[in-house]
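Q: Okay, here's the structure, questions in a sec.
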Amino acid sequence: MAAITAENLTITYEGVPAVEGVTFEVERGETLLLLGPNGAGKTTLLKTIACFHREYRGELKVFDMPPCEARELIGYVPQSHSLNERVPVTALEVVAMGGIYKRGFSHFKIPKHVLEKAEDALNFVGLSNVQGKLFRELSGGQKQRVLLARALISDPKLLLLDEPLSALDPSARAEVSNVLGKIKRERGITMVITTHDVNPLLEIGDKVMLINRRLIAFGKPEEVLRDSVIKSVYGPLARVIPVEDRLFCITGDVHLHGHGGGGR
Ligand SMILES: Nc1ncnc2c1ncn2[C@@H]1O[C@H](COP(=O)(O)OP(=O)(O)OP(=O)(O)O)[C@@H](O)[C@H]1O
Ligand SMILES: [Mg+2]
């Protein structure tokens, strides 16, 4: 049984398609890198898989179930986290919230077993040293790792990550991609990761999907990341350069949070 099956999937907002006629499959344990310019429909697709958005037609199954029946199996790390940084919560409390919301506990007092799980999760992402620190005082890479720990605490079988590397400097990007690699290797969790920059994630990506409202290409990285394919979406300046036994993909696509972007 596949982790995700989509067949001729069209996702709409009040009838207007944001994703159109997309067919793909993600096997269990695989990591899919979801690539596409601003407004391509990446977040929309992720939210629909997570059952946050329900206006679609065609077929969409998560572990052979409609997405909303598979909710307990799904962890979601949003594009820009929705924590109010004026509230002084510690890293540990942020992680523990992942266990509380999912199981419907009151959030006035965090149960001990949830705190213990939160400590384990922080340890897993390499942050046990900052568990008592305020979330707002952490670096960008540390914050992102805390959010990964928060998603891990409910033992998801499928982890959906919306641009986990955006707004991070190169060393923080490496930190976060290392943790993603560890999640894949040690937990075997199926992941779908949206990104504007595929390069830091190529090592863990089993498949790449390029969308621009419609499906442009889907397959192994070397099948999708070809000069002609990339140029067809990002324009003539985009290219794929082989560097030793790896590929380096230049799209000129900068994430500008909805203010247009490179090369559409
Ligand atoms: N809540 C909404 N209501 C109406 N239209 C929406 C809504 N959210 C997104 N859209 C539209 O759906 C399309 C796809 O948006 P989406 O956010 O999924 O793109 P994206 O690939 O994630 O872009 P980015 O790289 O900028 O994050 C866009 O045309 C957008 O305007
Ligand atoms: Mg998005």
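Nothing in this text is a laboratory measurement; each read-out follows from the coordinates by a stated rule. Everything quoted here is computed from the prediction, not taken from an experiment. In this analysis, Cβ positions are derived from the backbone assuming ideal geometry, glycine residues included, and neighbour counts consider all displayed protein chains.
Q: Pull up all non-local amide H partners of Val19: gap of 5 or more, or a different chain, and H-to-H distance under 5 Å with H placed in the peptide plane.
A: For Val19, whose amide H was placed from the backbone, the distant partners under 5 Å are Ile11.
Q: DSSP H helices in the chain with Cα extent of 15 Å or more along the helix axis and mean Kyte-Doolittle hydropathy at least 0.5?
A: Details: long enough: 91-103 (19 Å, 0.63); 112-124 (18 Å, -0.52); 140-152 (18 Å, -0.12); 170-182 (18 Å, -0.25).
Within the chain the helices that satisfy the rule are 91-103.
Q: Give me Glu85, Glu14 ranked fewest to most by other Cβ atoms within 10 Å of their Cβ, as a rough exposure proxy.
A: Glu14, Glu85
Q: Right, another one. Using Cα pairs closer than 8 Å and at least 6 residues apart in sequence, work out the relative contact order for region 1-73, in percent.
A: For region 1-73, the relative contact order is 40 percent.
Q: Would you order Arg54, Arg86, Arg145 from fewest to most other beta-carbon atoms within 10 Å of each residue's own beta-carbon?
A: Fewest-to-most Cβ neighbours within 10 Å comes out as Arg86, Arg54, Arg145.
Q: Now for a separate question. Within the chain, what percent of beta bridges assigned by DSSP are antiparallel, to the nearest 5?
A: Around 60 percent of the beta bridges assigned by DSSP in the chain are antiparallel ones.
Q: Using Cβ contacts closer than 10 Å as the measure, can you line up Lys112, Lys207 from fewest to most?
A: Least to most surrounded, the residues fall as Lys112, Lys207.
Q: Please state the relative contact order of the chain as a whole percent: Cα pairs under 8 Å, 6+ residues apart?
A: 24
Q: Here's something else I'd like to know. What translational D, rounded to a whole number of µm²/s, comes out for the chain from Stokes-Einstein when the hydrodynamic radius is the Kirkwood one over Cα pairs, at 37 °C and 0.692 mPa s?
A: Numbers: Rh = 19.0 Å.
Answer from the Stokes-Einstein relation: 173 µm²/s.
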